[in-house]
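First comes the structure, then the notes that go with it.
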Amino acid sequence: MGAHEKKIIIGQKFNKLTLLSHRIVGKYRMGTFLCDCGKIIESNYSHVKNGFTMSCGCHFKSILILRNTTHGLERHPLIKIYRSIKARCYNKNVKSYKNYGAKGVRMCDEWLRDFKSFYDWCINNGWEPGLQVDKDIKGTGLLYSPDMCCIVTKTVNNRHRSVSLFAEYQGNQKPLMEISELTGVKYGTIKWRLENGWNPEEAICSTRKYKTNKRKTAVKP
Ligand SMILES: [Zn+2]
């Protein structure tokens, strides 16, 4: 060991490896190290010190597992959902583009850039096979993003899609069917009122309220 070489300290830790003992073997200084995972290995001391060797190999293995997991997502059902949403919004050649991209429906940058971010959101929000990503119930219906989307069953999603009439309810555009359920006012009643020029606030008033309303002269069909 030259004078320039720093003192070798037993117990010193480099990344995941703690030095237990060391000796010269031929041209090299070899060390016995305890890895964080509990495994004991023999390694070239300078390789460990320089960070060339960072663990017994478990660190590298865990990176590989992580990569494989991400790669495995290629076959996850959510990738199909992700791709079809993207296509609807941005690919003029798909049939549904006219109801999405052409109407200004977009996907947020975060999801657009990274499938994993979309995937994580879906899983954290309870997605499982058979469930769909809905942008209409919570949001304005124009953006696929963490804030604007929720996970729903196909039935709920279809109901929202099939009902073309939307009205503002508590600051959000919602399908009349849902407003009807939330307010207890019949779907047909809300529809009739809106078609007859009532403002949305009046149109969703319960019967008792609208009787005291100045529009009470309006006659139901
Ligand atoms: Zn290890």
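Values quoted throughout were computed directly from the atomic coordinates according to the rules given, and no laboratory measurement underlies them. All figures in this text were calculated on a predicted structure; none of them were measured in a lab. Quick reminder, even Gly has a Cβ in these numbers, built from the backbone with ideal geometry, and neighbours come from all protein chains shown.
Structure values in brief
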quantity	calculated
Least to most buried among W121, W192 (fewest other Cβ within 10 Å first)	W192, W121
Residue exposure sequence - R106, R83 - by fewest surrounding Cβ within 10 Å	R83, R106
Karplus-derived HN-Hα couplings along the range 39-54 (A = 6.51, B = -1.76, C = 1.60, θ = phi - 60°), whole Hz, x at Gly and Pro	7, 9, 10, 9, 8, 4, 4, 5, 4, 6, 4, 7, x, 5, 10, 10
Note, ³J(HN,Hα) from phi for the range 101-107, Karplus 6.51, -1.76, 1.60, rounded to Hz, x at Gly and Pro	x, 5, 9, x, 6, 10, 10
Listed residue pairs exceeding 19 Å between alpha carbons, taken from K86/K116; K98/K191; K95/K174; K80/K154; K95/K138; K103/K154	K98/K191; K95/K174; K95/K138; K103/K154
Neighbour-count ranking [beta-carbon atoms within 10 angstrom, fewest first] of T189, T153	T153, T189
Karplus (6.51, -1.76, 1.60) ³J(HN,Hα), θ = phi - 60°, over the range 125-130, in Hz, Gly and Pro reported as x	9, x, 5, 8, x, x
